[in-house]
1. Which of HIS153, SER76, SER367 sits farthest toward the positive end of the charge dipole of the chain, with +1 on the Cβ of Lys and Arg and -1 on the Cβ of Asp and Glu?
2. What are the ³J(HN,Hα) couplings of the range 52-67, residue after residue, when phi is run through the Karplus curve with 6.51, -1.76, 1.60 and θ = phi - 60°? Round to Hz, x for glycine and proline.
3. Tell me the carbon and sulfur percent of the accessible area for the range 176-239, rounded to whole percent, probe radius 1.4 Å.
4. If amide H atoms are built 1.01 Å from N in the plane of the peptide, which residues on other chains or at least 5 residues away come under 5 Å of the amide H of ARG410?
5. Sequence-distant or interchain residues sharing an amide H contact under 5 Å with LEU261, placed H: which?
6. Loop sites only, by DSSP: take the trypsin sites (Lys or Arg not before Pro) in the chain that have at most 10 other C-beta atoms within 10 Å and name the longest stretch containing none of them.
7. For the range 92-176, I need the span (max minus min coordinate) of the C-alpha atoms along each principal axis, in Å, sorted largest to smallest.
8. What whole number of Å gives the distance from the Cα centroid of the range 59-112 to the Cα centroid of the range 454-493?
Amino acid sequence: MTVNVGAHQGGVRRCELVAALSLATDLGLGVPQEHVLRQTLIASRLAQRAGFSEAEQAAVYYASLLAWVGCIADSSEMAGWFGDDRALRVDSYDVDKAGLPLMSFMLRHVAAGASPLRRLTTIGRFLAGGFREAERSLLTHCQTAGVLAERLHLDEPVQVALGQAFERWDGKGVPGQAAGDQIDPVMRVVQIADDAEVVSRVAGVDAAIEMLRARSGTEFDPALVDCAVTHAPEVLGEAADPGDDAWGEVQRAMEAREVPLVGAELTAMLSAFADYADLKSGPWAGHSRGVAELAVATARALQLGEADCVLVERAALVHDIGVLGVSSSIWDRRTPWTAADRERVRTHPYLTERVLARPEDLAAIGSVAALHHERLDGSGYPHGVRAGAIPVTARIVAVADVLYALGETRVHRDAYPLAQRQAIVRDAARAGLLDADVVHAALGAAGHRVGRRADLPAGLTAREVDVLRHLVRGATNKDIARELEISPRTVGSHVEHIYTKIGVSTRGAAALYAMQQGLVDA
């Protein structure tokens, strides 16, 4: 087995990390890549022409890049109601998202692709309570975006603006606590830029102007709409069609103000990517962090150099960011995948690589992360490369991913017992799929991992942590009650106390908290 030299690790600016995260958000939204980057160009130019201060323009920049990052938090719930959660979000740009138009839009998508009988049954349940549940999910988006902004050490004005992402000028938004001038001007600009980018890209600037005028005074701030229309060639035309350099234009707006992140600070920022990816499906909570912990322990057991150990940990943290490009209706399916499903799933390592393709130091991490489903005999995916093209850093991530996942419950199977997990990876090594030396080291590392922490955060009790672990993986109160042998009412009381103690009100925000605190594991 050969050990590769550690990749160049000079550092990555925060603006580059957040822009890369926006590419992952594009995957989750189902929109063309760089939608959020082009949206940010529109928002930045509109803020400048509207006379925003430099501090406000900086807040617009980051609020735009992160505004829709929380849409991933409820992917499983949306897929449960609507099938393909990504298709639902793409189609939502065509509708005024309030009142009867929103209700009609959702009803058209309920149980999409299902049999007529199942559609009818699901529509009945949706009308009985699902519509309100779907509206409440928007709060999950806002809380998740706010938590990630805090994790990325962004200023309070950005966090405040993100909390109002779904408010409307006419007061008919969610949570419906602000209207008109009460809505942060930063978010008012971002809201206009989001829809304007989609319409101008698809139908041209004139169509975008028509859309803005039609929604002026209802969804959007009339004064900002007037400013966008007055300066449409500069705000919409050039920004919506920046050629091949949307990334470069977005970076030039902020890179002079920031210094590269290095060392533990960069690794900590990448842990936010890990938790973000794991929101895609409830049972995955904590998966990426667990893989990273096992991978770096394996690298140290193999006595790799420090640079390689750092590279392994970072690549493991971000290895699954590409899963956002696959609908939760596939990931959460209990029945066998179709051939088309399998082909879509096989793209997710490639999508990981593309999200992390810039800048150079992030690309070095992404190139290792993207190999986690390749196998030494060439039978892996997405590229089918063989042993000579798979460095030891990537072999470690691959083994850690398999071994850790076998110990996790999935929607279609229970966790494998320890002896069976060991047998599976050893058999894979004997068959020439996984590196035998890495498997041996990983099994040793897995046998000496630290158990549950003794001191629990935020005053949580051990029972509350048990409830939290099930909750963030998508279990219902009834499921949790059955598993822990307590009543659903007691579970509900625990959930209420948990939310109060950790300061959240949604499952997605609770999941981010639990992963950050290391409270979820296989």
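1. So the residue furthest toward the plus end is SER76.
2. For the range 52-67, the Karplus curve yields 5, 5, 4, 5, 5, 5, 5, 5, 4, 4, 6, 4, 5, 5, 10, 3 Hz.
3. C and S fraction of accessible area: 49 percent.
4. For ARG410, whose amide H was placed from the backbone, the distant partners under 5 Å are ALA415.
5. VAL12, ARG13, ARG14
6. 1-333
7. 50, 28, 22
8. 29
The values are calculated or read from the model by the stated rules, or taken from the named source; none is laboratory data. This structure is a prediction, so every number in the text was calculated from the model and none was measured. Quick reminder, even Gly has a Cβ in these numbers, built from the backbone with ideal geometry, and neighbours come from all protein chains shown. Ligands, DNA and RNA are excluded from the accessible area calculation, which covers all protein heavy atoms including side chains. Shrake-Rupley method; radii C 1.70, N 1.55, O 1.52, S 1.80 Å.
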